[in-house]
C-alpha cells in the first residue's frame, strides 16, 4: 500500500481523499487521470514501473476454476490482439516462462446467483501479472480491468504497476432490453453482452413479450411464435446460445414475460387468455392498452402453467420476471362476469384482482423452483417475501418494500430511452433519497439496479447508440464506491470507454456515421455533422405524437441519428462558463467565438443538402435557428469582450430569437442555446 | 428503347456513344452521373419518372426458380431496410397488390458452373419493378442492380425508371484470398462474399494452404490441422457453411491446395511427403522456400489421393486448384535419389519433373470428377486440355496457352497486395496486349480473371481495406463492356460503392478509424488523419526487409493503416493540373493553397502525439518532410501566382528537399510530393 497521509483515520476517510485526488493515490494527477478505469475499482494502489504488453506474454491458468476460465483467457488474448495489433497464436507452444498468472481458486456455481462472490485481486509489476479470484466471475472482471489499463506510450503498449482489490457494491447490475416493441437479432444482443462484460455488468434482463410481440419460440404453445411475433422471434436454440454466451461473460439472463397487462400480442395467438372477447391483433401503436388477461378463469392459469414450465426450463436463472406493470383495470371493470368474481372474492379494486392473479402466478413460478420478480405494481401484502421488486417508481418505493421485507432493485433514473444525459443517470443512487435512511439490514435488501432500454424508438441500427456509452455511467454507479461521483472525471473516462466498446463490435459511433450518410444520400456528412453535433432528441416522453408512431414507422430521421447527449453542447457550456468568469481572456473568447462562427456559417453550407433530401428537409428550421442563435451569441460576445453596454431593444430581440430556437423542432432540441442565452443575459443593458 | 441518334449504325457503335455520354442515354449528364452503377451494365436505357421505395413495396416471386430466390428476396428486403431505414416485416400479410415482380424462369444448376447463364433484365417504371432471369444467378445480380439504383431525393428513396439488359463479359470473375500466411475467421470471409455479391463477382478462390499453414480440417489426415495450422483452421462444418453462403450469393468456391512447392506447413504434419528429410516446422517467414514434395515416391501420391478425395467431396465445385507455382527445384537437385529418378525417366530439369508430378496429380483430380486448375507453371505439353491456367505472368502467357488449346484466366495486374491504385488494375484487360490478337475462338478460352489478395501484410483488421474498394474496379473490368474505361467516372462510382459496402458489414472505413485510434492510444485522430491522408504504403514488393517479417510480427503500424490509394493525393494532382493550366484563377489557386497550408501546419500539430506513441514515432521524419514539401509548394505557388521569376538557388534547394521527401519512410510514400514537384518545376527560373 502506498503512503496515504491520513492512514491513521478510517479507511473510508482515506478513500474519500483518494477520490478527491483523481481517485488514485499517485504523486501526479496526470498519471492518475490516465488510469481511466470504469467502473472505478473498490481499491487501487499504483506502484512504479510498467508491464510491457508484448509477444512474450504467456498466460498460465492455475487453480481449479471451471471451463469458463480457459475460454475467457482465449477471448482475452483475442481482444488483446485486436487492441494492440500484436498477434498471439492460440496454440502457441509455451516455451518461455509464464508471466501472466491467472489463479482461480474454484469453479463457479452451476447457475450463477446474485450471492456469488465477484471479487478479484490484480497485481501488475514490471515483470509479472497476477490475477486471482475465488471463482471465474472475479477472473472475468479482472481480465477486463487489465484490458482497460493498457496504455500506448513511447515504449509500446503497457500496463502500469498496480494492485487492484476489487468487488462490486451491489450484486445485481443489469441492463434490460425490450425486444418486443422492436425486435433485435441475436447478434445485436451478443454485442451488447460483450459491452456488459466490459463494464462488469452481471444481469441481462430480456423483456421478451409485450403488446407488440411475443419473441420466444414455444414448443408447447407454438401459436405464440406463429401469431404473436410477425415472424420475428428467437428459436429455443438461439435462446440457449445467448444464455451460454452470457454465462461465459459472467452475466445472468433473466427472462420477462409481461402479465397480465402489456399482453395484447398474446391474445392474437391465444384469445381465450383475454378478459374481453376480441378479436385481437398484435399491437402496432405505443402506449398502455386496456387488454388484460382474465384472472378469473382456471384455463388462464393452465395455459400460463404450461408456458412457464417450458420457459423455466429454457431459462436456467433462479429469477423469473412476470412484469405486472401498468394494468389499467379497464378490461376488468368492463366485464360483468369479472366484476361478479371480484365481489364474490372480496376484491375491492383492480389492484386487488391483480394481486390475486400474482399470488396464483407466484405459485406456478415457485413450482418451477424459481423466484418471482416483477415491477412495483406486484407489491401486495399477500405475496411471499422471496419475490423481488424492480422499481420504476423510485427509491421510496424500494425503501417501503425493503421495510416490509421485500428485496428490490432500482430502475427509476436509469431509463435509457428517455434520452437523459449520462450525468443524470450517474447521480441516481439506489441507496440515496428515502433509501438512505434504511438500516444496514434493510439496505442489503436493495440488490442493485437495472438500466432499461425500452424499444419504441430504437432499431438494430441505432440501439447501440441509445445504450452506449451512457450505460457505462450506470454500471459504475452500481459497482464503484458510493463516493465516486465526480462528473468531469466520469465524462473523461466515459469517452475512453466509448472508444473501447467499438473494438468489441458495438456500433454506436460507426452507425451514427452510417445513418448520417443515409440522411445525405451518400453526400459528404461534415456540414451535417456540425449541425447534428449540437442536437439532442427530445427528452422523456416528449417525442410528439408518440401515439401516432407505430412499430412499422421508419426510424431513419435525424432525431433517430443524433446521440442522446451532445458532447459538443456539454463542452461548450463549460467554455461559456469559463469565458463568463473571465471575459478578458483572449483564449476563452477565442474558443467561444470559433464555435459560434462555425454554427453561424453552417446554414448556408447545408442549405442545398437539406433541401435535396426528403429525410433532412425537416431540419431546415433548426439550421436557421442555429444560425440566428449563433449570431446572437457572437454579438453578445462582442459586447462582453469590449465591455460595452448592450441596447435593451437588442437584448429583447435576441432573447426572443433564443426562445424560438429553444423550442423543439423535428423532435429535437438545439442544446447549445441555453449557453448562448447565458451570454446574452450576461451583457450589461444600457 | 429511348432514341439513339445513330440507331441505324451498329448497336456497338451506339454503345460507344452512350459510354461517351456518361454511359447513359439521358438528356442531362447530371441525371446520368447519379446512376452510379458498378459494374456498368451491358445495356441500360433510362426513362422518365421514378419508382418510390416505400412500405407499400410488395414482392411477388414467380416462375420456377430454386430456393435461393426466396432467400435472396428476404436478404434483399433486409438490405433495403438497412439502406433506407424503412422496416419491412418478414411475415407481413400481403394485402396489397405486388409491385415488384421477380420472375425466375427455372432453377439453377446443382453445382454452379462458369457456363451458367448470368443474364437478367430489370425494368423499373413509376409503378412497378419487373426483374426476370433464366435462373437464380440473374435474379441475384438484378437485385444488386436495383439496390445500387436507389437514390434519396426530395420525395424520398426512389429508383429512376430504367430498363437494364445485362450480362457479364467474362464468365469467371474472381477474388482469391490467401488464408495461409495470415488466417481469416469465417466472418471475415463471409463479409467479403457479401461484397463480392454486390459487385457481381462469381468465384471465391480460397488459397487454403501454403508454407505458413494448412487451413482445412481433414478427417482422414488430421495431422494437417493438428500440426500444420497453429490451431487456426476451418472445420469442415465451417467450410460447408461458407460454400452454402457463397452459393446463395451466386458465387462458386474453388479451393486451392498449393503443391508441390509452397507446402512447408504440410511437411510439419507429414514429413514423409517432403523431398528432404527435415525436420520441418511451419514456415514463419515470407518468400519462396526450397522445400518441395517428393514426386518420385508412390507414397506421396497415395497421401495426396486420400487428401484430394476427401477435399473433392467437401468442395462441390467442378474446379480444383493445385497451385503449382514457384517451385525452385533445389530440393530436387540436392537429392541424389531424385536426380537418379529424373535421369531414369528422361526428365531434363525440375520443370519436367514438376510436369511429371502434375500429370499424376491431374489423374487423381480427374478421378474425383474435377477439372484441374493451376498457376502458369503447370502448363506443359503433357497435360490434357481441360485444365485451366491462372496467369500471374500476363496476357502473353494466356494467349500462348489459348493457342495451344488451354483455357485460362488473368491474375497478372490484379494483385491487390501490391498496393497499386484502382486505376491501374482497372485498365488491365484479359483480352488486351498479346491476347488482343487472338481469334474469337481462342479468346473464348480466356474465361476472365481473378484479383489476388496475398496475405503477408494483412490481418482480419485491415484486410477489407486492402481488398475494397479497389476490388470493385476489377469487378467492373470483368463484367462491363470492354469500352468502359473512363477513369474519372470510375472513381466517382467507386466512391459510392465504397460507402455501400460498409452497409454490408465490410470494415475498410471503420477499421481505418479504429486503427488510427490504436495508433494514437485513443487521442483525437484528426491531425494524424491529415498526415495519413497523403500517405500510401510502398508499392509492389518494395516493403523493405520483407524477409525479416514473419507471420507473428504486429501489423499495427501507420503503413498497415493507410489505404493503398490516397484519394487526397489523387484529387490534389487534379487540382494542381487545373491550377497550372490557369495560374491566374483565384479559385484554383485558393484550393491548392488551402491544402498546402494544412500540410505545412500539420507537423507542429502532430509533434507531441508522434513522440508519445511507440507506434507513431517512426512517422516523425515523414511529418517533417511533408512540412518542408508543403512550404516548397507554397513558395512555388507565390511565384506562379505573382508571375515572378524564381531564383535558381531556390529552385535547386526545393527540388532537393522534394527528392528527400519522395524517398520511402517507415515503408510509406508521401503521395502529394510529385504534384508539389510539378509546381516547383513550373516556376520560371531567373
Beta carbon of chain A nearest to the axis of the rotation taking A to B, residue and angstrom distance:
A:510, 2
Given C-alpha coordinates of segment A:172-500, what is the ratio Rg to Rh with the Kirkwood estimate of Rh?
0.96
With the Cα gyration tensor of segment B:279-422 giving a ≥ b ≥ c as the square roots of its eigenvalues, does the rule (a/c under 1.5 for rounded; else a/b larger than b/c for prolate; else oblate) give rounded, prolate or oblate?
rounded
Ordered shortest first, which distances in nm separate the 7 Å Cα→C-beta label point of residue A:598 from those of the other copies?
1.4
In nm², what is the average projected area of the convex hull enclosing the Cα atoms of segment A:414-509?
6.9 nm²
Rounded if a/c under 1.5, otherwise prolate or oblate - chain A, Cα gyration tensor axes:
oblate
Quick one: give the max-minus-min coordinate of the C-alpha atoms of the protein assembly as shown along each principal axis, largest first, in Å.
104, 79, 78
Counting pairs of alpha carbon atoms under 8 Å apart in space and at least six apart in sequence, what relative contact order in percent does chain A give?
11 percent
Here the percent of antiparallel bridges among DSSP beta bridges lying wholly in chain A, to the nearest 5, is 40 percent
Segment B:35-166 shape via C-alpha gyration tensor axes, a/c threshold 1.5:
oblate
Rounded to the nearest 5, the percent of DSSP beta bridges in the protein assembly as shown running antiparallel is 40 percent
Using a basic spin-label model with each label point 7 Å from the Cα along Cα→Cβ, how many nm lie between residue A:313 and residue A:642?
8.2 nm
Seen from all sides and averaged, what is the projected area of the convex hull of the Cα atoms in segment B:512-682, in nm²?
10.4 nm²
Between residue A:443 and residue B:348, with labels modelled 7 Å along Cα→Cβ, what's the label distance in nm to one decimal, could you check?
9.4 nm
Of all the Cα-Cα pairs you can form in segment B:142-187, what percent are over 11 Å apart?
79 percent
Roughly how many Å is it from the Cα centre of segment B:531-572 to that of segment A:616-664, as a whole number?
48 Å
Taking 8 Å as the Cα distance limit and 6 or more residues as the minimum spacing, I'd like the relative contact order of segment A:172-500 as a percentage.
17 percent
Give me log10 I(q)/I(0) at q = 0.16, 0.21, 0.24, 0.25 Å⁻¹ for segment B:467-526, Debye formula, one equal scatterer per alpha-carbon, no solvent.
-0.62, -0.84, -0.96, -1.00
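May I ask what percent, to the nearest 5, of DSSP beta bridges between residues of segment A:35-166 are antiparallel?
65 percent
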Between Rg and the Kirkwood Rh of segment B:453-500, both from Cα atoms, what is the Rg to Rh ratio?
1.05
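Every number in this text was worked out from the coordinates using simple rules, so none of it is lab data. All figures in this text were calculated on a predicted structure; none of them were measured in a lab. Counting neighbours? That spans all protein chains shown, and the Cβs are built from the backbone with ideal geometry, glycine included.
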